[in-house]
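Asker: Take this structure first; my questions come after.
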Amino acid sequence: MPNERAVICGWFPAQQKDAEIVSGMNELQALCRTAGAAVVGQTWQKRPTPDRRYLVGLGKVEEIRRMIASQDARLVVFYNVLNTMQQRNLEDFLAIKVIDRSRLILDIFASRARSQEGKLQVELAQMLYILPRLTGKGVALSRLGGGIGTRGPGESKLETDRRLVKVKIARIRQKLKVVSRNRELQRHNRRSLPVPLVSLVGYTSAGKSTLFKALTGEDVFISKELFATLDPLLRRVDLHDSHPGYYFILSDTVGFIRDMPSELFTSFKATLEEVRQADLVLHVVDLTNPDWPGQKAEVEKVLRQLEIDPAKVIAVFNKIDLLADQESLPASAGPGVYISASEKAGLADLKEEIFRRYFSDYGAYTIEVADEQQLDALGRWAIVLEKSRVGDGFQAGVLCSLEKMLQFRETHGGVIR
Ligand SMILES: Nc1nc2c(ncn2[C@@H]2O[C@H](COP(=O)(O)OP(=O)(O)OP(=O)(O)O)[C@@H](O)[C@H]2O)c(=O)[nH]1
Ligand SMILES: [Mg+2]
């Protein structure tokens, strides 16, 4: 729906603060823009409970109808999740397409998915979204389909009942199982590296990919649009400048948003699992967003759900280039590293913090092993800087913690010099 004209609307509980509502509505506007729709009008309503028929009160619905007419809108997007009946009532009353925020986010994800796994995950989320909405009373898939753009899975006129959707869900789950087995294998190979896996997390648009690019030199997709990144990506980052020989593996992945559609959460489990496996988690925070504390709290909530140990998390406050009073920063936002990913400022501090957290008990050792098999095994325990033949065996210069060195000697043999 390139340039589709949209009106946005939201219901909020009576006690909700106006500032939070404004930030939520602004975010919905950004989501619309990302999906290709221009927001030509917006309105919201505070009331103790949502209206059963229309979510918002009838007076509000009439206001939306006037807005649609005066602005020539083609679409209405609601901040809240609509049930089937509310969605249908609204469409009947307004006589144009009505979708909710979950649907919008699913559409954006669908347009972003590149990898086979990403596509399957999005498709699963779309099916999970549609299934409970296919309730009796002749609501066919064709009616649910074709929200923004023509990407949804609902276009196929053949799939007109719940049974088919259930079969499809089972099939996608099956395929995902195969893909995740491969991922499991890759992860196993990665786990046999002697260096930490460092995961970037953060609210969407916080600057994760910009930081990934600044640290790895990789030309990744960066955009002011939301959910620019979907698929996990891994690259090596050298700490060479101050710590020769040391490096870590950095992963970039999907961003978070408040009230993430539960269907996406379910289907992106495997991707989120990557974060669980990380040795260190860099939580990137966009300090220029007025609601950064709210966004930070939202991400921390997800990290808690994923049972990630807070001790593994490093707060990375980003975009300080845009802040007027940079001197007073460290005191204001809390403990963490202050950077500008786009200006590559503060990156040395960040690398130092990563080094301090993971490598502080590492040192240089020389070890002698008997054969090539042992030498290969050594590479899974320690960073091997150099190796040479000595007599019948090998000698290697390594970086490792003493604890791991002793463990290696216990399980594989060898002589530590
Ligand atoms: N001024 C400024 N802009 C930045 C900085 N870091 C990132 N940006 C901008 O912020 C926007 C989002 O950056 P991304 O790196 O795509 O953000 P992300 O966290 O990967 O976002 P998603 O992949 O959507 O979750 C882009 O327009 C970047 O150019 C920074 O340090 N300073
Ligand atoms: Mg990104």
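Asker: Return yes or no: is Glu184 among the acidic types (Asp, Glu), open to solvent by 40 Å² or more (accessible area, probe 1.4 Å) and either within 12 Å of ligand 1 (Cβ to nearest atom) or modelled with pLDDT of 95 or more (or both)?
Answerer: When the stated conditions are applied, Glu184 does not pass them.
Asker: Check Arg258, Arg236 and return the single one that is in contact with a helix residue (DSSP H, G or I) (Cβ under 8 Å, 6 or more places away or on another chain), farther than 26 Å from Arg181 by Cβ and open to solvent by 30 Å² or more (accessible area, probe 1.4 Å).
Answerer: Unique residue meeting the criteria: Arg258.
Asker: Which of the residues spanning region 255-294 are within 11 Å of ligand 1 (Cβ to nearest atom), among the hydrophobic types (A, V, I, L, M, F, W, C) and under 12 Å from the mean Cα position of the chain (by Cα)?
Answerer: Hits for region 255-294 are Phe256, Ile257, Val284.
Asker: Return only the number of the condition from (1) of a type outside the set (Val, Ile, Thr); (2) within 31 Å of the chain's Cα centre (by Cα); (3) closer than 30 Å to Ile172 by Cα that Arg88 does not satisfy.
Answerer: Evaluating Arg88 over (1) of a type outside the set (Val, Ile, Thr); (2) within 31 Å of the chain's Cα centre (by Cα); (3) closer than 30 Å to Ile172 by Cα leaves (2) as the failure.
Asker: Then there is this: Among the residues of region 198-230, write down those that are open to solvent by 20 Å² or more (accessible area, probe 1.4 Å) and within 9 Å of ligand 2 (Cβ to nearest atom).
Answerer: Ser205, Thr210, Val220, Phe221, Ile222, Ser223, Ala228, Thr229
Asker: Restrict the check to region 191-198 and report whether at least one residue is modelled with pLDDT of 85 or more, touching an Asp or Glu at 6+ places or on another chain (Cβ under 7 Å), at positive phi and not acidic (Asp, Glu).
Answerer: no
Asker: Where in region 255-351 are there helices (runs of 4 or more DSSP H), lying fully within it, with 1 or more residues that are touching a Ser or Thr at 6+ places or on another chain (Cβ under 8 Å)?
Answerer: 262-267, 269-277, 292-305
Asker: When residues of region 296-315 are filtered for being under 14 Å from the mean Cα position of the chain (by Cα), more than 21 Å from Ile339 (Cβ to Cβ) and in contact (Cβ under 8 Å) with a residue 12 or more places away in the chain, how many remain?
Answerer: Number satisfying all stated conditions: 2.
The values are calculated or read from the model by the stated rules, or taken from the named source; none is laboratory data. What you are looking at is a predicted structure, and each value in this text was computed from that prediction instead of being measured. Virtual Cβ from ideal backbone geometry, glycine too; neighbours counted across all protein chains shown. Side chains are part of the model used for accessible areas, which takes the heavy atoms of the whole protein and leaves out ligands, DNA and RNA. Shrake-Rupley method; radii C 1.70, N 1.55, O 1.52, S 1.80 Å.
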